[in-house]
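Everything on this sheet refers to the single structure shown next.
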Amino acid sequence: MITRRDYLRLSSAAGVALAIDPALLMADDSRHALITRAIPGTSEQLPVVGLGSSASFSRMAGEGDAAAVGKILKTFVQQGGTVFDTAPSYGEAERLAGKVAQKAGIDNQLFWATKLNVASGGSADPIAARAQLEQSFDRLGRSPLDLIQVHNLSDVPIQLGLLKEYRDDRRVRYIGVTTTFAGQYGDLERIMRAEPLDFIGIDYAIDNRTMEKRIFPLAQERGIAVLVYQPFGRTRLWQRVEGHALPDWAAEYDIASWAQFFLKFAISHPAVTVVTPASRRVRHVVDNMGAARGRLPDEAVRDRMIRHIESL
Ligand SMILES: NC(=O)c1ccc[n+]([C@@H]2O[C@H](COP(=O)([O-])OP(=O)(O)OC[C@H]3O[C@@H](n4cnc5c(N)ncnc54)[C@H](OP(=O)(O)O)[C@@H]3O)[C@@H](O)[C@H]2O)c1
């Protein structure tokens, strides 16, 4: 038996993931239950840390490395994760994740969140949109799918209209829209007020907090679940903390790494339902899932975390 903390320390020293069944790492965390949040308006609980699949993950999938994708997905599920965020536009990510999860028999343990976007030049052809949706059902081998969102607010009238129809027909359980562009936040607000959304997907990180002002309170008011994207700002926060040790007081919140520091910051906002960091490394997936356990910072500690990052 090895503790999660030792595993991360040893893996990090070796520069590779240790060949240890990640399920064994649960033992030292048994005193900490997995933190879950309800999808607003339902009794359905989701673990607060999920898995994203653009950039690093899609690179691994693009290399056709089914074994590596399998290790990541199995580790994620063994660590208690369920929410997997993908999109038809993330290279091979959606296709390979679906195939690998079905082969490993874990597809029904995942909450599949994919996207819709066929809008080129601003408008979406409904026939092409239906074809893309059918392709996602086919690739992921599931119907209904758990969540489909309009990617980057592209042609919302046509594409969200179609998703509403699919939800009415019970081919998808939840629908939503996503953006990670500040220039679209005004449109996002208008759509959140006007449309019957179950979810939004939006960027949020300790150094990127504009959405706390209007979008998060609106999500709470309207009962919309929030998926957080880019909790590390992709590479931005890694550059910021490079060469800096975690502050000692982080341990009081069961934070053992910078990843857990950033993820616990995002998770501890009351509007946030699930944070979906992406990784192609087993040890990072284990590390990230560690943020779904233990104590969470309160408002005062969140302020302290911000001040600490701003001081680096
Ligand atoms: N509009 C949209 O719908 C939209 C837009 C952007 C993102 N998203 C979703 O949000 C997900 C997350 O965003 P993102 O992938 O852009 O960025 P991110 O999760 O903020 O950052 C990913 C980067 O962090 C590294 N990393 C992950 N865990 C780590 C750990 N424990 N320790 C050290 N480094 C770690 C990864 O490298 P390694 O691979 O080496 O671990 C990768 O370079 C996406 O994958 C996607 O599913 C959606």
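The values are calculated or read from the model by the stated rules, or taken from the named source; none is laboratory data. The structure presented is a predicted model; accordingly, all values stated were derived computationally and were not measured. Every residue, glycine as well, gets a Cβ built from its backbone with ideal geometry; the counts of neighbours run over all protein chains shown. Note: areas computed on protein heavy atoms with side chains; ligands, DNA, RNA excluded. Shrake-Rupley method; radii C 1.70, N 1.55, O 1.52, S 1.80 Å.
Odds and ends about this structure:
- Residues in region 36-88 average 33 Å² of solvent-accessible surface per residue, probe 1.4 Å, ligands and nucleic acids excluded.
- For Asp303 and Glu252, the difference between the fully extended length at 0.36 nm per residue and the C-alpha to C-alpha distance is 16.8 nm.
- Computed over neighbours whose Cβ is under 15 Å from that of Ile127, the net charge equals -3, Lys and Arg +1, Asp and Glu -1.
- Euclidean distance of C-alpha centroids, region 166-240 and region 247-283, integer Å: 18
- Of the peptides 284-293, 43-52, 163-172, the ranking by mean beta-carbon count within 10 Å, highest at the top, reads 284-293, 43-52, 163-172.
- Residue-count net charge about Arg281 - beta-carbon cut-off 11 Å; Lys, Arg +1, Asp, Glu -1: +2
- Dipole axis of the chain (+1 Lys, Arg; -1 Asp, Glu on Cβ), positive-most option in Leu296, Ala250, Ser311: Ala250
- Estimated from helical segments only, the mean residue ellipticity of the chain at 222 nm is -12000 deg cm²/dmol, where each DSSP H run of four or more residues counts as -39500 (n - 2.57).
- A simple packing score, the average count of other Cβ atoms within 10 Å per residue, orders the peptides 233-246, 62-75 as 62-75, 233-246, with the highest score first.
- With 22 Å as the limit on Cα-Cα distance, the pairs of Lys164/Lys264; Lys115/Lys213; Lys71/Lys99; Lys213/Lys264; Lys115/Lys264 that go past it are Lys164/Lys264; Lys115/Lys213; Lys115/Lys264.
- Dipole in debye (nearest 20) - the chain, about Cα centre, beta carbon charges: Lys, Arg +1; Asp, Glu -1: 320
- Most mobile listed residue (Ala87, Ala129, Ala182) in the chain, GNM with C-alpha springs under 10 Å: Ala182
- Per residue Cα convex hull volume in Å³ - calculated over region 219-312: 106
- Rolling a 1.4 Å probe across all protein chains gives Thr210 an accessible area of roughly 80 Å².
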